[in-house]
Amino acid sequence: MPELPEVETIRRDLAATIVGRRIIGVTLNWPHMVLHPSPEDFSCRLVGHCVHQVDRRGKYLILRLESGDALILHLRMSGSLLIALDEEPDRYCRAVFLLDDGARLCFRDPRKLGKMWLVEDENSVVGGLGPEPLEGRLTAEALGQRLAGRSAPVKALLCDQSVIAGVGNMYADEALFAAGIHPLHRANTLTRQEVRRLHRALRRVLSGAIDSHGASVNDYWRPDGEPGTAQFEFKVAHRGGKPCPDCGTAIQRIPIRGRGSCFCPRCQKAAR
Ligand SMILES: [Zn+2]
């Protein structure tokens, strides 16, 4: 699933290519992905308007239009946004936005789980998200406060979008490994020093993955069709059974709240 680094990569790539472009046509091949307004109103309100700015909040991409509306997209499990110039969109393109320079912005989504909204007030969609992990507002102290009093496994809280926005399964696993913290460690028993290590690890892991243009596992591609390379730097994520790069112990994979969590049982000591 695309997480913060993948969505941020898409944001940067789209900002460089579609800002200032006018949407001149919308084709919805899977109208169920539009959650607001009706698919008909969605298309009507988009056509004729310029993309003013491309922003991101957590794993949501926000295309601001000159009309004042915000087109919000969530790629969920298998979505990607591709700029097609000449080639015809393939059968997995669920929505196609035709732009005034002849390019097409395609929402490709084999599993049909992606979602879109067109709203005046973006808070109606993204208002419940926690702080951005790469912004200064989320200091180590602020992270500690958000984890304090919570007895859930730290891994589950890192993936909870109301605690921190944008972190998902892969980067939570990577950050916990980098901080030497077991994913089942109860959040309220982390020491101050462990929280500080986790804060630093989160920022480093996410920034590094953005520098590598995200991780191309499953169906993530950059808008120009190129893959990201962050997966080559993964130490535990998607590496169950393989040797830990630091100590050689086999990486374990266990379910935590229904998600496979990968960690090194030696480098990440069991929860107290
Ligand atoms: Zn290890």
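The values are calculated or read from the model by the stated rules, or taken from the named source; none is laboratory data. Keep in mind that this is a model prediction, so the values were computed, not measured. With ideal geometry, Cβ positions are generated from the backbone for all residues, glycine too; neighbour counts draw on all protein chains shown. Surface accessibility is based on the protein's heavy atoms, side chains included, excluding ligands, DNA and RNA. Shrake-Rupley method; radii C 1.70, N 1.55, O 1.52, S 1.80 Å.
Worth pointing out:
- Restricting attention to the range 241-251, the residues that are within 10 Å of the ligand (Cβ to nearest atom) and surrounded by 12 or more Cβ atoms within 10 Å (Cβ to Cβ) add up to 7.
- Test result for residue 253, part of a loop (DSSP other than H, G, I, E, B) and among the charged types (D, E, K, R): no
- Residue under evaluation residue 271, criteria (1) modelled with pLDDT under 95; (2) within 16 Å of the ligand (Cβ to nearest atom); (3) among the aliphatic types (A, V, I, L, M), criterion not met: (2)
- Qualifying positions in the range 220-240 - near the ligand (Cβ under 10 Å from one of its atoms) and open to solvent by 10 Å² or more (accessible area, probe 1.4 Å): 235
- Yes/no for residue 21 being touching a strand residue (DSSP E or B) at 6+ places or on another chain (Cβ under 7 Å) and either at pLDDT below 95 or open to solvent by 30 Å² or more (accessible area, probe 1.4 Å) (or both): yes
- When the test is whether a residue is at pLDDT 95 or above, open to solvent by 10 Å² or more (accessible area, probe 1.4 Å) and either assigned to a helix (DSSP H, G or I) or not acidic (Asp, Glu) (or both), residue 174 passes it.
- Residue 204 being within 16 Å of the ligand (Cβ to nearest atom), open to solvent by 40 Å² or more (accessible area, probe 1.4 Å) and outside any loop (DSSP other than H, G, I, E, B): no
- Number of the condition not met by residue 125 [criteria: (1) open to solvent by less than 40 Å² (accessible area, probe 1.4 Å); (2) modelled with pLDDT of 95 or more; (3) assigned to a loop (DSSP other than H, G, I, E, B)]: (3)
- The one condition in (1) touching a Lys or Arg at 6+ places or on another chain (Cβ under 6 Å); (2) more than 30 Å from residue 175 (Cα to Cα) that residue 74 fails to fulfil: (2)
- If you go through the range 53-104 and keep only what is in a strand (DSSP E or B) and touching a Pro at 6+ places or on another chain (Cβ under 8 Å), you end up with 80, 81, 82, 83, 96, 104.
- Of all residues in the range 211-234 being part of a loop (DSSP other than H, G, I, E, B) and among the charged types (D, E, K, R), the one that is modelled with the lowest pLDDT: 219
- Just so you know, in the range 207-219 the residues that are polar (S, T, N, Q) and open to solvent by 20 Å² or more (accessible area, probe 1.4 Å) include one that is nearest to the ligand (Cβ to nearest atom), and it is 207.
- Candidate set: the range 253-267, residues that are near the ligand (Cβ under 10 Å from one of its atoms) and either within 25 Å of the chain's Cα centre (by Cα) or small (Gly, Ala, Ser) (or both); chosen: the one farthest from residue 9 (Cα to Cα): 264
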